[in-house]
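Worksheet: one structure, shown below.
The values are calculated or read from the model by the stated rules, or taken from the named source; none is laboratory data. If you're wondering where the values come from, they're calculated on a predicted model, not measured in any experiment. Quick reminder, even Gly has a Cβ in these numbers, built from the backbone with ideal geometry, and neighbours come from all protein chains shown. Just the protein is used for accessible areas: all its heavy atoms, side chains included, with ligands, DNA and RNA removed. Shrake-Rupley method; radii C 1.70, N 1.55, O 1.52, S 1.80 Å.
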Amino acid sequence: LMLAGNFNLTNTRELFDAYVKLGKHPTSGADGYVLTEWLASEMLHSEIDGVASRREQIVHALTSVLARADGAYTLCGLTGDGWSFAVRDEHGIRPGFYCVMDGAVAVASERPAIQAAFDCRTEDVRELEPGVAMLVSPTGEVTFERVRPEAEKRSCVFERIYFSRANDA
C-alpha cells in the first residue's frame, strides 16, 4: 500500500499507542507511517476474515482506521493490485478535487493543477465530497462510498488562499 496526502493529524500518538495495543510493532511514530501500516493491516485482516472483494476491504479499512483519526486530511492510496482511493476528512478541512477522464483519474488539492495537467475544463473538475471515499478499480471503474459520517463543513481558509491561483474559478 502506498499513501500520499495533505494532512495533519492531532492524535498521532494515540493512534500509535492503539496500534501497538493490537500487538503490532511499528518502527516509526510518523503520522503517514502509522496510517499506512494500520490501513494495510486492516485490509489484510479483512482479507483473512473472508471479506469478498478488494473494494470492500478498502472501504472497511478506511472506515475503521479513519474513525480513530482526528485532524484534517485528503489522502490518496494505491494498492499493489491496482486499486486506488482518495478520501477527505468529514469536515472537508483540506481541499480535494478530482477529474475522471478517458484513461485517467486525477486527484489533487488544487483544481487548476488538474486543469493544467490534463487540459480539461473547470466544470470537468469536481470537489471530492468530505467523508466519501472515491474508489478506482484496476479496470478504471470509479465508485464512491461514505466512510465517515456527514459533519458540518469547515473548509480551511488558509488552504484555499494558499492553493489559490488567478485561473481558479
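Of the residues Thr27, Thr74, the single one that is out of contact with any helix residue (DSSP H, G or I) (no Cβ under 7 Å at 6 or more places or on another chain), surrounded by fewer than 18 Cβ atoms within 10 Å (Cβ to Cβ) and either part of a loop (DSSP other than H, G, I, E, B) or of a type in the set (Ser, Thr, Tyr) (or both) is Thr27. For the stretch 129-169, the tally of residues that are polar (S, T, N, Q), surrounded by fewer than 13 Cβ atoms within 10 Å (Cβ to Cβ) and at pLDDT below 95 stands at 3. In the set (1) assigned to a loop (DSSP other than H, G, I, E, B); (2) without any contact (Cβ under 8 Å) to a residue 40 or more places away in the chain; (3) of a type in the set (Asp, Glu), the condition left unmet by Glu56 is number (1).
All of Val20, Val65, Val107 fail the test of being touching a strand residue (DSSP E or B) at 6+ places or on another chain (Cβ under 6 Å) and among the aliphatic types (A, V, I, L, M), apart from Val107.
Could you list, in sequence order, the residues of the stretch 92-109 that are open to solvent by 40 Å² or more (accessible area, probe 1.4 Å) and in contact (Cβ under 8 Å) with a residue 24 or more places away in the chain? Within the stretch 92-109, Ile93, Val100, Gly103, Val105, Val107 meet the criteria. Give the residue that is least open to solvent (accessible area, probe 1.4 Å), with candidates limited to residues of the stretch 30-40 that are touching a Pro at 6+ places or on another chain (Cβ under 8 Å) and closer than 15 Å to Asn11 by Cα. Per the criteria, the residue is Val34. A Cβ distance below 6 Å, combined with a sequence gap of six or more or placement on separate chains, defines the contacts here; from the stretch 7-33, residues that are under 30 Å from Ser155 (Cα atoms) reach residues that are open to solvent by less than 40 Å² (accessible area, probe 1.4 Å) and aromatic (Phe, Trp, Tyr) in the pairs Phe7/Tyr73; Tyr19/Trp38; Gly29/Phe16. Each residue in the stretch 41-52 was checked for being open to solvent by 40 Å² or more (accessible area, probe 1.4 Å) and either of a type outside the set (D, E, K, R) or in a strand (DSSP E or B) (or both), and 6 of them qualify.
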